[in-house]
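Please read the structure below before turning to the comments.
The values are calculated or read from the model by the stated rules, or taken from the named source; none is laboratory data. Everything numeric here is computed off the predicted structure, so don't read it as measured data. Using ideal geometry, Cβ is built from the backbone for each residue, glycine included, and neighbour counts are taken over all protein chains shown.
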Amino acid sequence: MIGLQHYLILSALLFCIGLVGAVAKRNAIAVLMGVELMLNAVNLNLVAFDRFGSHAAPLGQAFAVFIIAVAAAEVAVGLAIILTLYRRRANTSVDDLDSLKG
Amino acid sequence: MLQTVLFYIYALIIVVSALAMVLSRNLVHSALFMAAAFLGMAFIYLLLQADYVAVVQILVYVGAVSVLFVFGVMLTKRARMEDTNRFNRYGVIAVFVGLALFALLVRAITVSGTVTAHAAVAADAVAKAAGSAAGSDPTPSGSAVSISGLLLGEMALPLEASGLLLLAALTGAIALGRSGSKPS
């Protein structure tokens, strides 16, 4: 019998894998992929709570749809920033983007 | 019982794809594994009876976001693709932090087990009652009916706001892409 806990643990595992990808990668595109995986884990949490909760209206699914929309906007802007960076510096490594460092 | 087997198959696909996405040293392989993980998530949503979210997941993530990432990889091309996706110097610390956070979350989830067990029993009772009620009604009912009523009724204003956000984000992306062509 698959309960809420199974989905929550799967979601926690995905979130942690995404966190490692977002923190430990050198390429900015890979960092963005890790962030997307974390957003997906949050969506899984919302939909699972919606399925096992007692609320009649699918509020969790509605929140998941909004998160998907915001994530799509984030990917579009993030990739545009990365492309602009690549055009200026021929490099997408986040370790080299330290021009704000004093 | 079928649901249990399907859950573990999909969970295995998702976790293996996600790990391969993070550990792969080739950025193109990472993008493909990311698409596979998103597709597995859509099947998990179907198991959770959220068919509308599953379809949106396939349309937006597998269809649009993955293609956008592949475009991003292609446009920031290197001479050789093999070594484009390395770990930075915080790799060991990041893996440690990820494992510690996962252990903490699993502990929190398993400790609160009694509450979720009650919730699952209640949800099953609700589903059973709904099933017996729907037995006399031959029209098929998915989650799209109730979620569209919610989105266009109670949440109409947030829905319009998210549309405005998407418009602003796409305009911003176009503006960024244009101004980058001639550095000032």
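Among the residues of this structure, A:A22 counts as one that is assigned to a helix (DSSP H, G or I), more than 7 Å from chain B (Cβ to nearest Cβ) and more than 13 Å from B:V15 (Cα to Cα). In this entry, B:L48 passes the filter for residues that are closer than 20 Å to B:F7 by Cβ, facing chain A (nearest Cβ under 10 Å), in contact with a helix residue (DSSP H, G or I) (Cβ under 6 Å, 6 or more places away or on another chain) and without any contact (Cβ under 8 Å) to a residue 12 or more places away in the chain. Would you confirm, using the coordinates I've provided, whether B:V28 is within 23 Å of A:L97 (Cα to Cα), in a helix (DSSP H, G or I) and more than 10 Å from chain A (Cβ to nearest Cβ)? Yes; evaluated as a whole, the condition is true for this residue. When the range B:65-91 is limited to residues that are farther than 17 Å from B:A20 by Cα and more than 7 Å from chain A (Cβ to nearest Cβ), the one that is modelled with the highest pLDDT turns out to be B:V67.
For the range B:149-184, a tally of residues being of a type outside the set (D, E), outside any helix (DSSP H, G or I) and either modelled with pLDDT of 90 or more or surrounded by 12 or more Cβ atoms within 10 Å (Cβ to Cβ) (or both) returns 2. On the given criteria, is A:R51 of a type in the set (K, R), at pLDDT below 90 and more than 26 Å from B:S148 (Cα to Cα)? Considered against the rule, which asks whether it is of a type in the set (K, R), at pLDDT below 90 and more than 26 Å from B:S148 (Cα to Cα), A:R51 comes out as no.
Do we find a residue being among the charged types (D, E, K, R), surrounded by fewer than 21 Cβ atoms within 10 Å (Cβ to Cβ) and either outside any loop (DSSP other than H, G, I, E, B) or more than 7 Å from chain B (Cβ to nearest Cβ) (or both) anywhere in the range A:68-76? Within the range A:68-76, one or more residues are among the charged types (D, E, K, R), surrounded by fewer than 21 Cβ atoms within 10 Å (Cβ to Cβ) and either outside any loop (DSSP other than H, G, I, E, B) or more than 7 Å from chain B (Cβ to nearest Cβ) (or both).
On the given criteria, is B:S146 modelled with pLDDT of 65 or more, under 24 Å from the mean Cα position of the chain (by Cα), surrounded by 13 or more Cβ atoms within 10 Å (Cβ to Cβ) and farther than 30 Å from A:S93 by Cα? Yes: the conditions hold for B:S146.
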